[in-house]
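A.B. asks: Next up is a structure, given as structure tokens.
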Amino acid sequence: MKQRSFLLAPRPEANSRRPIRRELVVGWLFALPALAFYALFVLVPFLMSLEYSFFRWDGIGVMKWVGLKNYLTVFEVPVLFESIINAFKLVLFFSLIPVGLGLVVASVMHKVAAGTFGSVARTILFLPQVIPLVAAGIIWGWILAMPGLLNETLRATGLESWARAWLGDFDWALPAVGMIGIWVLLGFCTVLLATAIAKIDPSLFESARIDGSNWLQEFLSITVPLLRQEIGVCLTVTIIAALAAFDIVYVSTGGGPGNATAVPGIQIYILAFTEQRIGPASALAVLLMVLVLLVILPIQRLTREERS
Amino acid sequence: MKISRLELLTGRLLLLVLMVVTLLPFISIFTTALYPSNTVPSGFGWPAEPQWVNFVEAFQVANMLVLLGSSSFIVLAVVPVALLISTMAAFAIGQLRVPGSRFLLLLFVFGLTLPFGGIIVPLYYLERFLGLYNTRLAVVLPLIALYMPFAVFWMRAHFVGVSPEISEAAKVDGASTWDLFWRIHFPLAKAPMASLGILMAVWTWNQFLLALVLVEDPSQRTMAGALGAFQGHYATNVPLLCAGTVLILIPTLVIFVLFQRQIIAALLQGAVKG
């Protein structure tokens with residue numbers, strides 16, 4: 001270390017600045033390993049994605065510059081553009097329902113589930129969050145299959161006409177995948193929001209009660225406004241999960257039937273690794289990254305501004 | 001807080017229903033796993049003759065011991081390295097506040113919302129070029145890198161909160177920057193590092209996309225990646241697939257039940273800070 005700082009030391013006449021220089025070098029040395037990993041395996045691939053998106057390439061041959069053509073392809077080929085639409089449809093299931101329902105459940109939990117019952121409920125509801133999404137996809141793939149649990153239940157309750165291969169049905173496959181997302185993310189949102197409600201000053205609820213407000217009024221006037229930041233966190237996490245979905249879809253439907261459940265992650269994978277069309281795959285990847293940023297930044301701004 | 005009996009009952013009922021809906025899928029794959037191999041089980045009931053042997057068969061065909069070893073190797077390679085280097089970087093940014101640290105922080109924050117799918121294609125070609133493809137390092141190295149934005153951000157939050165007076169006092173005593181980090185700040189950062197370590201271990205164990213694309217051989221993959229391959233092979237043999245899934249879930253569930261408080265706390269804090 002000594003030798004190094006000697007080598008990097010400025011000319012003798014600038015001696016007075018030497019300690020500052022030295023601190024700078026040492027400080028950056030601390031950041032260097034993290035920066036090196038990050039640069040090589042995240043920033044460089046990010047720039048490569050950008051680069052690939054302007055070329056036609058099959059992964060082996062010569063790369064041919066095509067300008068913005070790959071981006072046009074994404075917007076013009078229905079299958080690719082629909083994958084972006086599908087991602088936004090998934091937001092309803094992965095994000096809006098878990099966050100909305102999670103708010104209600106959390107506020108109920110706060111009321112009626114103190115003590116052991118509450119902590120058991122927390123643990124159970126959180127369970128789907130710690131297992132691999134692949135496992136969730138496999139489990140639900142079986143439950144939603146033709147002779148699976150859901151259809152058996154429908155049959156047993158006389159709703160036989162509703163039974164169908166949920167994940168193989170053009171109209172129902174996307175909501176069925178969304179259902180898996182609700183199962184995975186509802187517990188996470190609930191527990192996060194319940195933890196936040198527990199921190200709200202109880203006297204606020206007490207005085208609302210004395211004023212004669214019911215559960216709904218309390219929920220709308222105290223719980224929701226005070227949880228603004230946590231709601232923002234839940235929305236951010238779940239929207240990213242929806243837009244960047246891959247594991248659950250890949251395992252449960254593979255994007256099918258047809259392209260009914262194909263999301264950008266799936267199309268990137270298919271374009272790049274089964275069709276060897278790196279250009280459009282990268283254009284879609286770039287659009288996906290931009291899309292996530294465009295959706296997340298306003299949410300962060302709306303829900304966090306007060307604190308900073 | 002006073003609430004009416006009716007509110008209490010309906011509230012608890014709602015929670016109970018939710019808990020059942022959450023648990024049913026787990027119970028369902030467990031009972032399905034006990035049906036005779038290669039049959040198509042119907043319904044939800046307990047099988048007439050539970051085939052416990054399915055678990056033995058799944059253990060063998062899924063090569064569970066190798067998978068456990070591979071997944072553990074990947075976690076043990078990723079987590080300590082990622083913890084150490086992210087803590088060092090966060091120390092430089094949040095405590096030393098070296099010139100340019102704002103830029104550094106922004107650079108890392110840029111990666112916070114980056115979907116893995118956005119860079120998976122170039123990663124594949126980069127790793128072929130570097131000769132890493134189809135090795136465990138093919139997953140380990142990018143994962144360390146992909147965790148950096150979150151990890152640095154998380155640890156910086158800790159270092160910003162530590163009073164700089166501690167550092168100044170140590171410097172007066174003649175401590176070098178490395179001593180300052182290793183002897184004083186590193187031990188103080190143990191609590192946030194533990195949560196971060198738990199988070200990264202769970203994420204690594206469950207990582208699917210990188211394993212799927214960058215490692216062809218399932219025995220070199222993470223647990224989730226191997227499960228994907230297992231599903232590909234045994235999709236038609238439902239009881240065996242369910243038995244394999246149960247086996248692969250067991251380590252996760254055991255760890256979760258043992259460390260549930262820490263894991264839930266870490267995952268929640270992780271979301272709030274990220």
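The values are calculated or read from the model by the stated rules, or taken from the named source; none is laboratory data. Because the structure is predicted, anything quoted here is derived from the model rather than measured. For neighbour counting, all protein chains shown are included, and Cβ atoms are generated from backbone atoms with ideal geometry for every residue, glycine included.
A.B. asks: Restrict the check to the stretch A:109-117 and report whether at least one residue is surrounded by 13 or more Cβ atoms within 10 Å (Cβ to Cβ), small (Gly, Ala, Ser) and outside the structural domain of residue A:242 (by TED's automatic domain parsing).
C.D. replies: no
A.B. asks: Counting only residues that are out of contact with any Gly (no Cβ under 8 Å at 6 or more places or on another chain) and at the interface with chain B (Cβ under 7 Å from one of its Cβ atoms), how many does the stretch A:254-271 have?
C.D. replies: Matching residues across the stretch A:254-271 total 0.
A.B. asks: Please state which of the following conditions residue A:139 fails to meet, knowing it meets all the rest: (1) within 19 Å of residue B:203 (Cα to Cα); (2) buried (at least 22 other Cβ atoms within 10 Å of the Cβ).
C.D. replies: Tallying (1) within 19 Å of residue B:203 (Cα to Cα); (2) buried (at least 22 other Cβ atoms within 10 Å of the Cβ), residue A:139 fails exactly one: (1).
A.B. asks: Let me ask you something else. For residues in the stretch A:183-197 being under 17 Å from residue A:108 (Cβ atoms) and either more than 20 Å from the chain's Cα centre (by Cα) or of a type in the set (A, V, I, L, M) (or both), which is farthest from the other protein chains (Cβ to nearest Cβ)?
C.D. replies: A:197
A.B. asks: If residue B:214 meets every condition in (1) free of Cβ contacts under 8 Å to residues at least 40 places away in the same chain; (2) touching an Asp or Glu at 6+ places or on another chain (Cβ under 7 Å) apart from one, which number is that one?
C.D. replies: Against the list (1) free of Cβ contacts under 8 Å to residues at least 40 places away in the same chain; (2) touching an Asp or Glu at 6+ places or on another chain (Cβ under 7 Å), residue B:214 comes up short only on (1).
A.B. asks: How about the stretch B:210-274: which helices (runs of 4 or more DSSP H) wholly inside it have at least 1 residues that are in contact with a Gly (Cβ under 8 Å, 6 or more places away or on another chain), under 16 Å from residue B:62 (Cβ atoms) and modelled with pLDDT under 85?
C.D. replies: Helices (runs of 4 or more DSSP H) meeting the threshold: B:223-234.
A.B. asks: Kindly indicate whether any position in the stretch A:150-162 is of a type outside the set (Gly, Ala, Ser), assigned to a loop (DSSP other than H, G, I, E, B) and closer than 27 Å to residue A:226 by Cβ.
C.D. replies: Checked the stretch A:150-162: no residue is of a type outside the set (Gly, Ala, Ser), assigned to a loop (DSSP other than H, G, I, E, B) and closer than 27 Å to residue A:226 by Cβ.
A.B. asks: Quick one: which of A:200, A:222 is among the hydrophobic types (A, V, I, L, M, F, W, C) and either part of a loop (DSSP other than H, G, I, E, B) or within 12 Å of chain B (Cβ to nearest Cβ) (or both)?
C.D. replies: Just a single option satisfies the conditions, and that option is A:200.
A.B. asks: Hey, any hits in the stretch B:192-200 for a residue that's in contact with a Pro (Cβ under 9 Å, 6 or more places away or on another chain) and either more than 13 Å from chain A (Cβ to nearest Cβ) or outside any helix (DSSP H, G or I) (or both)?
C.D. replies: Yes.
A.B. asks: Within the stretch A:247-303, track down each residue that is farther than 21 Å from residue B:211 by Cβ, assigned to a helix (DSSP H, G or I) and among the charged types (D, E, K, R).
C.D. replies: Within the stretch A:247-303, just A:301 meets the criteria.
A.B. asks: Would you mind stating whether residue B:271 is farther than 30 Å from residue A:145 by Cβ and surrounded by fewer than 21 Cβ atoms within 10 Å (Cβ to Cβ)?
C.D. replies: It is true that residue B:271 is farther than 30 Å from residue A:145 by Cβ and surrounded by fewer than 21 Cβ atoms within 10 Å (Cβ to Cβ).
A.B. asks: Please find, within the stretch B:120-130, the residue that is surrounded by the fewest Cβ atoms within 10 Å (Cβ to Cβ) out of those that are within 13 Å of residue B:141 (Cβ to Cβ) and either among the β-branched types (Val, Ile, Thr) or at the interface with chain A (Cβ under 7 Å from one of its Cβ atoms) (or both).
C.D. replies: Here the answer is B:126.
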